[in-house]
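Q: Handing you this structure, nothing more for now.
The values are calculated or read from the model by the stated rules, or taken from the named source; none is laboratory data. Quantities reported herein were computed from a predicted structural model and do not represent experimental measurements. Here the Cβ positions follow ideal geometry from the backbone for every residue, glycine too, while neighbour counts run over all protein chains shown.
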Number of protein chains: 2
Amino acid sequence: MVKGFQFDTYMAEKATLVNNALEEAVPLQEPLKIHEAMRYSLLAGGKRVRPILCLASCELVGGAESRAMAMALAVEMVHTMSLIHDDLPCMDNDDLRRGKPTNHKVYGDDTAVLAGDALLSLAFEHLATRTIGVGPDRVVQAISELASAVGSLGLVAGQIVDISSEGKQDVDLNKLEYIHVHKTAKLLEAAVVGGAVLGGGNSDEVERVRKYARSIGLLFQVVDDILDVTKSSEELGKTAGKDLLSDKATYPKLMGLDGAKKFAGELLATAVEELGFFDAGRAAPLHHLAHYIAYRQN
Amino acid sequence: MVKGFQFDTYMAEKATLVNNALEEAVPLQEPLKIHEAMRYSLLAGGKRVRPILCLASCELVGGAESRAMAMALAVEMVHTMSLIHDDLPCMDNDDLRRGKPTNHKVYGDDTAVLAGDALLSLAFEHLATRTIGVGPDRVVQAISELASAVGSLGLVAGQIVDISSEGKQDVDLNKLEYIHVHKTAKLLEAAVVGGAVLGGGNSDEVERVRKYARSIGLLFQVVDDILDVTKSSEELGKTAGKDLLSDKATYPKLMGLDGAKKFAGELLATAVEELGFFDAGRAAPLHHLAHYIAYRQN
């Protein structure tokens, strides 16, 4: 950890920046209902870890934060879309998200489907039209990173394998890792890689942050699984113990709680190692973010 | 109409080209279920009017067809996504599409939601990574056109207003036009404008094809409404008379059948007028396409 770096202040400032920009990116306009539904989930708080990772990665390679702001928001829009669609009755059928009723509970299933579709397309529109100070070749590259993180070899692949594995006893560590790499890690990777690309990083730098991102992406999910069995719904702001109830494969289930915690430690070490190749001061936010993801309590 | 232009041959050749490229763009791979579902709807035939419009617009401004092929496929992917999601039980609840059971009837609601999401992101990925021979600034512009055609001021806006208008008696011509401009015309506009942008068109040319696209976009829907009341399900390959049954506002309902036909004629004339500013030979496909949209029988 880098001494003198005020992580809590950093996170609070960046989250405020991101929240203000998200508020501006989706103004309340006609048709009101769809924009209300989009804003309801997009502005529902959350820790904004993905957009902050994107901004931090841009600054890691020496880029001005503003260059990656559109990408940071786009990643959060995609993340929100995936939450809205995953919560639908025909998917995970969740009633509670970030301590609030899920989107379809408030606006209806039809509007929730459409709000997700609109957020997904807005992500690409925003990235294409609101990225400033960056050459269009890098914008195209960032769009490509984001799109592949969502599609049938990304988020969607993770979700479809996850759904088809529910209640089955044949989910081993390989399949569990497949699910989490696709459901969680790929979007984190797009955030971090996109930030570095838009920040002007060279190909060596981009590949190093990609390795960092892959480790913390998996770390993120291992910690999520651990929290699901060790925390209450109130502490998490979402239904706890759900994985156990649905007999879902998780790291604690397959490795034991201690084994999962050990694995989390190894992933953290790998992530930190890649940051060693960058200037320590510039790497401080990503360094602390990795520790934050490892040791978060909700 | 341009003499000597073999429209049927042109359409058949272009449709084959598009179908082969779509087949390649979404190979059957793991996870099998999601790719099967995507391919089921994407490769279900259809007239490929949107991608052909895109290719024709590229050639209108003198660009090689290959420059707009990725855009053409992207538009068809977006169109297919919108059909899959619109057919869901929580939306229009349709069982039949292009003469086949709808996607969710075959693969389940959860997979249908995800197949739509995957096709939407693939559209942008394909456009970003597979557009060849075009500067990245024009690729970004095409992505922006496509994304804005889908989002909360595009397709989604049309669908949400359409859903909230069902069964209501207050749908006047203004609102009906709003719905159709957003549900149908915006994507056609993106196809045509994107084709011209990628083909190397200048801003004057792009604005002329935009006007052409807006006219035929609305024309497309007026004709759809007319066909719904004048044809059988068998002739259409989808449930006919559905608009009447659901008491939906349509052009024939608001203008009478003859009024709707007259309006269709005016839209066709406007579209053809814009093409007059281009070389007649190059404009022949778009000229014939406008007539085809006006006089199609299903």
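Q: Among A:L83, A:L53, A:L114, A:L73, which is in a helix (DSSP H, G or I), touching a residue at least 24 places away in the same chain (Cβ under 8 Å) and touching a strand residue (DSSP E or B) at 6+ places or on another chain (Cβ under 7 Å)?
A: Numbers: A:L53 fails: touching a strand residue (DSSP E or B) at 6+ places or on another chain (Cβ under 7 Å); A:L114 fails: touching a strand residue (DSSP E or B) at 6+ places or on another chain (Cβ under 7 Å); A:L73 fails: touching a strand residue (DSSP E or B) at 6+ places or on another chain (Cβ under 7 Å).
Among A:L83, A:L53, A:L114, A:L73, only A:L83 is in a helix (DSSP H, G or I), touching a residue at least 24 places away in the same chain (Cβ under 8 Å) and touching a strand residue (DSSP E or B) at 6+ places or on another chain (Cβ under 7 Å).
Q: Right, another one. Scanning for something more than 8 Å from chain B (Cβ to nearest Cβ), under 30 Å from A:L60 (Cα atoms) and touching a Cys at 6+ places or on another chain (Cβ under 6 Å), does segment A:175-192 turn up at least one residue? Spell out how you get there, then give the answer.
A: So the first thing to find is which residues in segment A:175-192 are more than 8 Å from chain B (Cβ to nearest Cβ), and the list is A:175-192.
Now drop any that are not under 30 Å from A:L60 (Cα atoms), which leaves A:177-192.
Adding the requirement that they be touching a Cys at 6+ places or on another chain (Cβ under 6 Å) leaves A:191.
Yes, some residue in segment A:175-192 is more than 8 Å from chain B (Cβ to nearest Cβ), under 30 Å from A:L60 (Cα atoms) and touching a Cys at 6+ places or on another chain (Cβ under 6 Å).
Q: Would you say A:E125 is closer than 27 Å to B:M71 by Cα, under 17 Å from the mean Cα position of the chain (by Cα) and at pLDDT 95 or above? Spell out the reasoning first.
A: On the way: closer than 27 Å to B:M71 by Cα: yes; under 17 Å from the mean Cα position of the chain (by Cα): no; at pLDDT 95 or above: yes.
No.
Q: OK, next. Kindly indicate whether any position in segment A:125-146 is out of contact with any Phe, Trp or Tyr (no Cβ under 8 Å at 6 or more places or on another chain), under 22 Å from B:D86 (Cβ atoms) and within 9 Å of chain B (Cβ to nearest Cβ).
A: Yes, the conditions are met somewhere in segment A:125-146.
Q: Can I ask one more? Taking the residues in segment A:86-101 that are buried (at least 22 other Cβ atoms within 10 Å of the Cβ) and either without any contact (Cβ under 8 Å) to a residue 40 or more places away in the chain or aliphatic (A, V, I, L, M) (or both) as candidates, determine which candidate is nearest to A:G199 (Cα to Cα).
A: A:D87
Q: Quick check: is even one residue across segment A:37-58 at the interface with another protein chain (Cβ under 9 Å from one of its Cβ atoms), closer than 30 Å to B:N93 by Cβ and of a type outside the set (A, V, I, L, M, F, W, C)?
A: no
Q: Do you know which residues across segment A:147-156 are crowded, with 24+ Cβ neighbours inside 10 Å and either facing chain B (nearest Cβ under 7 Å) or among the basic types (K, R) (or both)? Steps first, answer last, please.
A: Restricting attention to segment A:147-156, the residues satisfying the condition of being crowded, with 24+ Cβ neighbours inside 10 Å are A:147, A:149-152, A:154-156.
Selection gives A:A147, A:V150, A:G151, A:S152, A:V156.
Q: Would you pick out the residues in segment A:163-178 that are closer than 24 Å to B:L122 by Cβ and touching a residue at least 60 places away in the same chain (Cβ under 8 Å)?
A: A:I163, A:S165, A:K175
Q: Here is a list of conditions, (1) in a loop (DSSP other than H, G, I, E, B); (2) at pLDDT 75 or above; (3) more than 24 Å from B:Q169 (Cβ to Cβ), and B:V223 meets all of them except one; can you say which number that is?
A: So B:V223 meets the others, but not (1).
Q: Somewhere in segment A:90-101, is a residue assigned to a helix (DSSP H, G or I), more than 8 Å from every other protein chain (Cβ to nearest Cβ) and of a type outside the set (V, I, T)?
A: Here is the first cut: in segment A:90-101, the ones assigned to a helix (DSSP H, G or I) are none.
No, segment A:90-101 contains no residue that is assigned to a helix (DSSP H, G or I), more than 8 Å from every other protein chain (Cβ to nearest Cβ) and of a type outside the set (V, I, T).
Q: Every residue in segment A:1-46 that is closer than 17 Å to A:T80 by Cβ, without any contact (Cβ under 8 Å) to a residue 60 or more places away in the chain and not in a helix (DSSP H, G or I), please.
A: A:P27, A:L28, A:L43, A:A44, A:G45, A:G46
Q: Okay, moving on. Could you tell me whether any residue of segment A:194-211 is under 29 Å from A:L257 (Cα atoms) and either within 14 Å of chain B (Cβ to nearest Cβ) or not aliphatic (A, V, I, L, M) (or both)? Steps first, please.
A: Here is the first cut: in segment A:194-211, the ones under 29 Å from A:L257 (Cα atoms) are A:209-211.
So of that shortlist, the ones also either within 14 Å of chain B (Cβ to nearest Cβ) or not aliphatic (A, V, I, L, M) (or both) come out as A:210-211.
There is at least one residue in segment A:194-211 that is under 29 Å from A:L257 (Cα atoms) and either within 14 Å of chain B (Cβ to nearest Cβ) or not aliphatic (A, V, I, L, M) (or both).
Q: Right, another one. Restricting the search to segment B:185-206, which residues are crowded, with 23+ Cβ neighbours inside 10 Å and more than 13 Å from B:Q141 (Cβ to Cβ)?
A: Once the filter is applied, which keeps residues that are crowded, with 23+ Cβ neighbours inside 10 Å and more than 13 Å from B:Q141 (Cβ to Cβ), segment B:185-206 yields B:A185, B:K186, B:L187, B:L188, B:E189, B:A191, B:V192.
To keep it simple, each residue is scored yes or no on (1) within 13 Å of A:S215 (Cβ to Cβ); (2) modelled with pLDDT of 95 or more; (3) exposed (fewer than 12 other Cβ atoms within 10 Å of the Cβ); (4) among the polar types (S, T, N, Q).
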residue	(1), (2), (3), (4)
A:K253	no, no, no, no
A:L275	yes, yes, no, no
A:R282	no, yes, no, no
A:Y292	no, no, no, no
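Q: Shifting gears a bit: Out of all the residues in segment A:25-36, is one or more under 19 Å from the mean Cα position of the chain (by Cα) and either acidic (D, E) or under 22 Å from A:E234 (Cα atoms) (or both)?
A: No.
Q: Right, next: Need the failing condition index for A:I163 against (1) at pLDDT below 95; (2) more than 7 Å from chain B (Cβ to nearest Cβ); (3) farther than 30 Å from A:A68 by Cα, just the number.
A: With (1) at pLDDT below 95; (2) more than 7 Å from chain B (Cβ to nearest Cβ); (3) farther than 30 Å from A:A68 by Cα applied to A:I163, the lone miss is (2).
Q: Let me ask something else. Does A:A72 satisfy being in contact with a Cys (Cβ under 6 Å, 6 or more places away or on another chain) and at negative phi? Walk me through how you get there before you give the answer.
A: Details: in contact with a Cys (Cβ under 6 Å, 6 or more places away or on another chain): yes; at negative phi: yes.
Taking the combined requirement at face value, the residue satisfies it.
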